Amino acid sequence: MTQNNQPPRYTMKVQSSNQLQQKKCVPCEGGVEPCTLPFVTEQLAALDGWELTADKQRISKQWTMKNFLAALTFFNDVGAVAESEAHHPDLHLENYRNVRIEIWTHAIGGLSENDFILAAKIDDLV
């Protein structure tokens, strides 16, 4: 906490997908502010296809896989990356081959750098 009992200000710079892929998610137990909407908007522009959800607290992306087995394989690959980063997204499989992933930092009720790191690493799988 800062002197006025406010959580420390979360400041980051926009990074490319390649820069984010080189980083590691850092455990977050709260105590930091979520990324600001202007920052989120700029950072999303550097990631291919990720969008801000309607509540502006999560990022989401959709893929259409070749078939059911390809979708399950992708889920397993995402799960392995998520586990290695100790940062776990919501995974959705709809209509047997449509995959949707939502990411946010639960502990702060919004977005942190970890979310963009994981998004970039997921993109690297495809």
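The values are calculated or read from the model by the stated rules, or taken from the named source; none is laboratory data. What you are looking at is a predicted structure, and each value in this text was computed from that prediction instead of being measured. When we count neighbours, we look across all protein chains shown, and the Cβ atoms used for this are built from the backbone with ideal geometry, even at glycine.
Glu83: surrounded by fewer than 13 Cβ atoms within 10 Å (Cβ to Cβ), of a type in the set (D, E, K, R) and at pLDDT 95 or above, yes or no? Yes; evaluated as a whole, the condition is true for this residue. Within this structure, His88 passes the test of being within 14 Å of Ala119 (Cβ to Cβ), exposed (fewer than 15 other Cβ atoms within 10 Å of the Cβ) and at pLDDT 95 or above. In this entry, Gln62 is excluded by the filter for residues that are under 21 Å from Glu33 (Cα atoms) and not in a helix (DSSP H, G or I).
On the given criteria, is Val40 out of contact with any Phe, Trp or Tyr (no Cβ under 7 Å at 6 or more places or on another chain), part of a loop (DSSP other than H, G, I, E, B) and of a type in the set (Val, Ile, Thr)? If you could, list the steps in order and put the result at the bottom.
Values: out of contact with any Phe, Trp or Tyr (no Cβ under 7 Å at 6 or more places or on another chain): yes; part of a loop (DSSP other than H, G, I, E, B): no; of a type in the set (Val, Ile, Thr): yes.
Considered against the rule, which asks whether it is out of contact with any Phe, Trp or Tyr (no Cβ under 7 Å at 6 or more places or on another chain), part of a loop (DSSP other than H, G, I, E, B) and of a type in the set (Val, Ile, Thr), Val40 comes out as no.
Of everything in segment 50-69 that is over 15 Å from Ser112 (Cα atoms) and in contact (Cβ under 8 Å) with a residue 40 or more places away in the chain, the residue that is surrounded by the most Cβ atoms within 10 Å (Cβ to Cβ) is Lys61.
Summed over segment 10-36, the residues that are without any contact (Cβ under 8 Å) to a residue 40 or more places away in the chain and in contact with a Leu (Cβ under 8 Å, 6 or more places away or on another chain) give a count of 0. Kindly provide the set of residues from segment 83-112 that are among the β-branched types (Val, Ile, Thr), assigned to a strand (DSSP E or B) and within 19 Å of Pro34 (Cα to Cα), ordered by number. Those that are among the β-branched types (Val, Ile, Thr), assigned to a strand (DSSP E or B) and within 19 Å of Pro34 (Cα to Cα): Ile103, Thr105.
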